[in-house]
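Take a look at the structure below.
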């Protein structure tokens, strides 16, 4: 999975994460998995915890979990963001990403997902200026 994206595509996604996080105290991660172990959502939740995404101060981390070979993905938000987003928000993000994925525009789909999540995070968890810390790495993680 590590070579699913070209180095340029990976840099572009990481840049999108950094830009998104410059608007919010929230944290966004992207993870690519080789295969589905249980089901895509359960696997995403395991990775969410393994990456330490429940350790953010405001519990406002979001994971975009993608299994390219299985054509499946999941979005997991921590309890802080889940408390405040409107019903159907995660499905809206998923639908937007899925439209891009169906066109084989994987980078674009992930970037659109990041942008939607960032917009909502910025509404409820605005950037804290100098006091804001990047609590989690922006790089893409892989199984």
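Laboratory data are not the source of any read-out in this text; all were calculated from the coordinates shown. Everything quoted here is computed from the prediction, not taken from an experiment. Cβ sites come from the backbone with ideal geometry, for glycine too, and all protein chains shown count toward neighbours.
Name every residue in the range 21-31 that is assigned to a loop (DSSP other than H, G, I, E, B) and either crowded, with 23+ Cβ neighbours inside 10 Å or under 14 Å from the mean Cα position of the chain (by Cα) (or both), in order of residue number.
Passing the criteria: 25, 26.
Select from the range 32-71 the residues that are over 21 Å from residue 84 (Cβ atoms), part of a helix (DSSP H, G or I) and in contact with a helix residue (DSSP H, G or I) (Cβ under 9 Å, 6 or more places away or on another chain) and list them in ascending order.
40, 47, 68, 70
Just one of 76, 93, 84 is under 26 Å from residue 128 (Cα atoms), touching a helix residue (DSSP H, G or I) at 6+ places or on another chain (Cβ under 7 Å), without any contact (Cβ under 8 Å) to a residue 60 or more places away in the chain and surrounded by fewer than 16 Cβ atoms within 10 Å (Cβ to Cβ); which is it?
Going through 76, 93, 84 in turn, the sole match is 84.
What is the residue count in the range 120-135 for residues that are touching a residue at least 60 places away in the same chain (Cβ under 8 Å), part of a helix (DSSP H, G or I) and surrounded by fewer than 17 Cβ atoms within 10 Å (Cβ to Cβ)?
Final tally of qualifying residues: 1.
Could we say that residue 115 is surrounded by 13 or more Cβ atoms within 10 Å (Cβ to Cβ), closer than 23 Å to residue 6 by Cβ, in contact (Cβ under 8 Å) with a residue 60 or more places away in the chain and out of contact with any strand residue (DSSP E or B) (no Cβ under 8 Å at 6 or more places or on another chain) here?
yes
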